[in-house]
Every structure is written in C-alpha cells, then in structure tokens.
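A quick write-up on the structure given underneath.
Every number in this text was worked out from the coordinates using simple rules, so none of it is lab data. Computed from a predicted model, the values in this text were never measured in an experiment. A quick note on method: Cβ atoms are made from the backbone with ideal geometry, for glycine too, and the neighbour counts reach across all protein chains shown.
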Amino acid sequence: MIVVLALLVVPPILILIQLSFADIADNGAIKGYTLAHYSALFSGAKFFGVLWTTIVFAAFATVISLLFGGILAWLVERTNTPFRRLAYLTAIVSLGTPYVLYVMAWLFLFGRTGPVNQLYHWLTGNTGDLLNVYSLWGMVLIEGFLWSPLVFLLMSATFRMSNAEMEEAARMNGASVWDTIWHISLKLARPAVLALAMFVFIRDIEAFEVPALVGIPGDVKVLTTDIYLAIREFPPNLGHASAFSVIMLILVSVLLYFYGRISKHAERYASVTGKGYRPRPFDLGSARGIAGVIVLFNFAVVLALPLLALFWMALTPFIAPVGWTVMKSVSLANFIVVLTSPSYLSLATNTLIVSITAATGAVLLTAVCGWLAARRKPGGTIVDQLATMPLIFPGIVLGVALLNLSLRSPIPIYGTVWLIGIAYLIRYMPYGMRYSYNGVLQIHKELEEAGVASGAGIWQVLGRVIAPLLSPALVAAWLFIFLISSRELSIAILLAGPNSQVIAVSMFDLWQNGQAGELSALGLLWTLLMVLVASAFYFLERRQSAKTFG
C-alpha cells in the first residue's frame, strides 16, 4: 500500500522540482539545469505584484465568505429565525452546481447591461455602473459568494453544538444580545472560525474559475492564472510554470501547517459536556422578521438569482438584457441542441468515466488506508501521511505536474480520460481518507477480534465485518468525490485532449466563445442530473444504514 501511494504522490512533486530548474528546449527536452526560472521570478516586480494580488483577493474573499456564511449559520442554528430549511436547501443545491456556471451567472447579473446595473440606473438615474465586475473587487465579491454555502454548512455544525448555558448566563446577568454574541458565542467558536478561515483562504489562493473567467478579461492576474497562461503559451513555458507551481506548493504547505496547528487545539474550547447538555435557541423577538429577510436575501443571491439568470440565458440565442423586447426570441433551441448533439453526449460520458474512476479508486484505496491508519497497523502512520499529502497540491499545480509526467511517460496516457481520472483520484484522495479514517474509528476493535477468533482471515474480516459497517461512510465519500470531480476545472483544463473533453472544460470553452445559451442549457441539465444522483445516493445510504444498524 505504501508503494502504491508513493507512486501516486511522489512523482508529481519530483517532476515539478526538476522542471523548475531545467533548461527546456522548444521540443520539451531538458538541455541542462539552471536557476534562470527562479531568478526571472524574483528579479522583477511582476511576481511580487501577482503574489500581493493573490493574497488580497484571497483575504477579502475569505472575509466575505465568513461574514455571509457565518452570520447565516448563527441565525439558523442559534436563533428562532424562520426559513431554516430554505437556508440548507440553498447551500446544498449551490454546492452541487459547477462553479463555472455560478461565475457566468454572476457576470451576467453584475455585468454592464445586467439586471443589477439596470436596477441601479433606474433607481438613481446614474448612468455609471454600480460595480465593475471585471476587477479585483468583482473577483472578491464573486469568490466570496462561491464559498459562503460551504462556510454556512461548516459553521452550522459548530453553532449547533455550542452550549447555550453560557450564553443564557450572560443574558441573565444583563448582557445584551450583541455583547453575548461577541464575548461568548464567538469566543467559544473561535478555533473553528480561525480554522475555517484558514481553510477558505487556502482554497481562495488555489481558486481558478473566478480568476480565469473574471480576472483574465479584466487583466487581474493571480498565481493560478499566471501558471495557466504560461502553459498556454506557444511553445509552453514549462520551466516558468513549474517554478511558479513550486512557489505555490510551498505557500500552500505553510498555510496547511498553520491550519493543522489551529485545528489541533480546538478541544481547549469545548463547551459540550455530558452534564445536562441541550442547546436552546435565542428568541429574536421583534428582530425575527429581519433575520428572515437575511435568510431570504441569501436564497436570492446565492441560488435563485443565479439560476434565473442561467435559465434566461438558456432561453435566448445570445446574451441580452432582461426585458420584454427580447421575449420574442425566447425558445428551447439551446436545450434541444444540448439534448440531441452527439458531442454533448460524449462530454457527459467522459465526465462520468473520470468522476466514477476517481471516486471508486479513491474510496477503495482509502478504505484500506483508513483501516491501517486508524488501527495503528505497521506502516499506518506513513500510509496516513502519504494519503493526505495531496492536500498541498492546488488543482492547477497538480495539473502542471501530471502534464509534464504524461509527456515524458512511455505509457501513452497523455490526453486521455484516464489521466484526468488519475489526477482526480490523487487530488481528492485526502477527502476519502478522512471519511474512511473517521468511519473506522467508530467501529469497535472487538468486532474484528471476534471475527479472527472465529477463524476468519484478515481479508474476510475486512470484507464481511468492516466493509458493511463502514459502508455509510464509504457511500458518503464516493458521492462527495464524484460530485466535486464532475465539476473540477483547474486540472482538466490542462490535461484534457481532443477526445477527452469533460463538462467543466466545455463550459469554460463555451463561455470563451460567447455561446452562453448552450452553456446555460448544458449547465442546468447537468446540475439537475447531479441533484438526482445525489438524492439517489442519499436514499441509498439511508437504506443501507437502516439495514446495517437496524
């Protein structure tokens, strides 16, 4: 198992380091080794400008996500606000929607002729734009919206488990609602908030969709788009891209180190004990209506308006402002093209192949790895470290590494769906590891010992005892990896060949080519399919859990 994991994880790191020092000929051959790529990066102001822009973009987007998602989570979990289920529906559906679609929808909404600016012009009489969406602050706003549903879901779990007795004691001693929130609620949630802030900041550093679709047209470059543009040069500037990738790898590794340290000490702030724990919500009183408006505003901004924008664009032959004058051109033509075109069927097939390959491979591999690590078997610690090591890879960096490996591999894997599937497996293996590891910890060792005492071999115990009990965690892991693989763009955009295009790359290309109608129709149909798949697996997992645990 150690050998398998090492073969998956170590070569991408080594090839990046090698090529970052390599003097590469136009045909891709290595002529020698040099420090020129690094000296070119650090000698000019461009690198530091891009790095600063990346940090500013990630920092402010993180703040927006935390404020937007965190406030909503506190209202839903710690108060008697209305529309709680609507908040969860908004978050879950939005997480199943490809980011390319969301970015495109918000570009339409906030665009120069979009509904937001139209409303602004009508209300104020001002002919200027409320927001230049193709700017750093436009990127910040959209990226902040993208991650707010995940922040909401993760912060909801934190506030749900927060002990209300401390908050109630503060209120009984005369503290206002605001003082109670500031001095009690937030302090108890501080480790979770800091860890989540670091996690979102790392993911914003790695972000590709928003920087590519918004930043490149607006001439706002960050680390990921600089790497992408270097690969897209002719001939590809592999040395520059690899050096940039190594710098980004180091940056993410340092951030993950601090993330681990923050998460490690979270138990110091535990407030839930076995003594009479029963969380009770705040009664908002007359402010309950305001809280309901906030929940509805979140539903509108995060889900309803983007989906309506996509539906409008899918019904029109070209991007057009919302208005009665365009209604005569509304039709289902784009949906018909998507449903009847063999090329779109091929895209869906390729996407399903790579997503199923990645999810199945990652779950099978990490199920065994999780058992070895959780049971402290010989080599279990090394297995755990290797299986979680891909966390240091931003998607674009892993794409650069595997692109270089495939070009130099004797196995003709370059430009195939299998290369993309392997890349997704490596990228999302740590998530499967966490599901499996935590699932094994819930299974008492005495069940394995009873199986061995009955004469069963270790593989029989794993197959007949551990696997059925672990199946809910494995199903959840499979579904999660499948869904995020099906919308992954930053890896596939570098690795996809002419015959291995996937949905996310096609959506990106359609937007670049101005085919917003077909893109919207394709995206809406694909999102519907993913929601149906997620629902089917949810009910399957519930049924399996009922059979397994009675």
query: Can you put 121, 240 in order, fewest other beta carbons within 10 Å first?
result: 121, 240
statement: When 95, 19 are ranked with the fewest other C-beta atoms within 10 Å first, the list becomes 95, 19
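Using the Cα centre of segment 336-549 as the reference point, and only Cβ charges (+1 on K/R, -1 on D/E), how large is the resulting charge dipole? Debye, rounded to the nearest 20. Display every interim value, and only then the final one.
Details: 12 positive and 8 negative charges, 86 e Å.
Dipole magnitude for segment 336-549 comes out near 420 debye.
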field: Furthest towards positive pole of dipole, 515, 94, 526, structure part the chain, Cβ charges
entry: 94
field: Extension gain, residue 337 back to residue 376 (0.36 nm per residue minus Cα-Cα distance, nm)
entry: 8.6 nm
- request: Putting +1 on Lys and Arg Cβ atoms and -1 on Asp and Glu Cβ atoms, find which of 32, 397, 287 reaches farthest to the positive end of the dipole of the chain.
  value: 287
statement: Toy charge model, Lys and Arg Cβ at +1, Asp and Glu Cβ at -1: segment 19-128 dipole around Cα centroid in debye, rounded to 20, equals 320 debye
message: If I stretch the segment between residue 364 and residue 85 completely, what's the gain in nm (0.36 nm per residue apart, minus their alpha carbon distance), one decimal?
response: 97.0 nm
Estimated FRET transfer efficiency when R0 is 25 angstrom, pair residue 233-residue 59 (beta carbons, to 0.05): 0.30
message: Between residue 311 and residue 356, what is 0.36 nm times their sequence separation minus the Cα-Cα distance? Round to one decimal in nm.
response: 13.4 nm
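By count of other Cβ within 10 Å, fewest leading, how are 90, 381, 79 ordered?
Values: 90 24, 381 12, 79 18.
With the sparsest Cβ surroundings first, the list reads 381, 79, 90.
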- prompt: If you put +1 on each Lys and Arg Cβ and -1 on each Asp and Glu Cβ, how big is the dipole of the chain around its Cα centre, in Debye rounded to 20?
  reply: 1160 debye
query: Of 236, 478, 156, which is farthest on the positive side of the dipole of the chain, counting Cα position, with +1 on Lys and Arg Cβ, -1 on Asp and Glu Cβ, and the Cα centre as origin?
result: 156
message: For Rg and Dmax of the Cα atoms in Å, one of [x] 24.8, 83; [y] 25.8, 77; [z] 26.7, 92 was computed from the structure I shared and the rest are decoys. Which label?
response: [x]
- request: Please give, to one decimal in nm, the separation of the simple spin-label points placed at residue 35 and residue 450, each 7 Å out from Cα toward the Cβ.
  value: 6.5 nm
